[in-house]
Amino acid sequence: MVVTFGEALVDLIEQHNGRFAAVLGGSVCNFTLAVARQGMAVTYLNPLSQDSFGQRFADYLADAGVHLASTARSAKPTSLAVVTLDAQKMPTYSFHRAAVADRDISPAQACAALPPGLALFHTGGLALVPDDIAATLQVIEAAAGAGALVSVDANMRPMVCPDLPAYAAGVRTALALANIIKVSEEDLVHLGFGDLAPVDAARALFDAPAVKLVALTLGEQGGVLISRQASVQLGIPAGVDVVDTVGAGDCFLAGLVASLHRAGKLTLDGLANLDQATLEHALEFAIATASLNVMEEGCSPPTSDEVKEYLDRGARRVDDLSMFMCSDRDLI
């Protein structure tokens, strides 16, 4: 079972006519939905609001088969993010997160709600901001203590926090506890690795002994998977018609996790022994999952069957492919 901990918020997305459309989202909630649509059992830990958005979230997640750990609704409102898109369809966010429902849970409550049979605990995004990082770290440690793998998506949003050094320090602490890390080029810059090439910066994350796999997204250039033994890079499929990129990274990570699960590699031993073919297939599946999402408005994660069909139709033709083997000494 996958358990997720973090924000569920409504994206108010700017439309071509200047109006805003309300779309259910939030990095952790997007990942929750995306991995459920891949056919995995998922529990979402955070409470939802009593408001109309909270009911929409409850229905949205239930339709995908997500289990809600908290059946009691919060009297606090749903989080909001105002999303504007630039000429390249890249989003900029403005967050409204004071006294909101998904933050209406104590670390003790979250730890007590961790279910038996927990295989993977995932968090990231706004759960890593300075006001929330201490609580999130407690839940990460409890999940790891229960034998779960830990997945952390940095997914940094500097505009939500005026103190970037404090924000970055908290994110680095969380990443050091993770077995699977997802970062973007922008995350690495915010984390203080701006003087390194992105792949070299991603490799630096292996200084933490817990880390077994780093997933680096490179926007239009695709992505990279790095283990302690090998690295694989793939470009995006030809013919991806981008509508917007909201939720692309969340879908990428969900596709990666689902692929590793199906390959029997979603364990500590499995991650420590990832062969080249498994890495390549997992990255191809992750990129295809994200590619299907960006061709829809907002975050609209595909099912595993839709991803497989997309790959079978020819999405294996990528713009760039490079694979190389590295020794432990090269990476650590």
Seminar exercise, completed: Percent relative contact order for the chain, counting Cα pairs under 8 Å at least six residues apart, stands at 17
For this session: Run the quick spin-label model on residue 59 and residue 141: label points 7 Å from Cα toward the beta carbon, then report their separation in nm to one decimal.
Result: 4.2
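Test of understanding: what is the full-extension gain from residue 17 to residue 164, defined as 0.36 nm times their sequence separation minus their Cα-Cα distance?
On the way: separation 147, 0.36 × 147 = 52.92 nm, distance 3.37 nm.
Value of the extension gain: 49.6 nm.
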Exercise. Who wins for biggest fluctuation among 198, 165, 116 in a Gaussian network model of the chain, springs between alpha carbons below 10 Å?
Worked result: 116
Problem set entry | Surface/4 of the Cα convex hull for segment 51-137, nm² | 7.5
Exercise. Can you tell me the Rg and Dmax of segment 224-265, counting just the alpha carbons, in angstroms?
Worked result: 12.7, 36
Exercise. Can you give the Rg to Rh ratio of segment 1-83, both from alpha-carbon atoms, with Rh computed by the Kirkwood formula?
Worked result: 0.99
Exercise. Rg and Dmax of segment 2-326, using alpha carbons, in Å: what are they?
Worked result: 18.1, 53
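Quick one: work out the % antiparallel among DSSP beta bridges in the chain, nearest 5.
50
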Exercise. Each label point is 7 Å from the Cα along the Cα-to-Cβ direction; what then is the distance between the points at residue 242 and residue 303, in nm?
Worked result: 2.9
Exercise. Once fully extended, how much extra length lies between residue 296 and residue 41, figured as 0.36 nm per residue of separation less the alpha-carbon to alpha-carbon distance?
Worked result: 89.4 nm
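Calculate how many DSSP beta bridges within segment 1-126 are antiparallel, expressed in % of all such bridges and rounded to the nearest 5.
45
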Seminar exercise, completed: Lys pairs in the chain with Cα under 22 Å (8 or more apart in sequence, or on separate chains) total 5
Exercise. Rounded to the nearest 500, what is the chain's calculated 222 nm mean residue ellipticity when only DSSP H runs of at least 4 contribute -39500 (n - 2.57) each, over all residues?
Worked result: -10500 deg cm²/dmol
Exercise. Between 231, 151, 52, which gets the highest mean-square fluctuation from a Gaussian network model of the chain, Cα cutoff 10 Å?
Worked result: 52
Exercise. Based on the Cβ-Cβ distance of residue 108 and residue 207, what FRET efficiency does E = 1/(1 + (r/R0)^6) give at R0 = 41 Å, to the nearest 0.05?
Worked result: 0.85
Exercise. How many nm is it between the label spots at residue 86 and residue 276, if each spot is 7 Å from the Cα in line with the beta carbon?
Worked result: 3.7
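No value in this document is a laboratory result; all are computed from the given coordinates. This is a predicted model, so every value here is computed, not measured. Backbone-built Cβ (ideal geometry, glycine too); neighbour counts: all protein chains shown.
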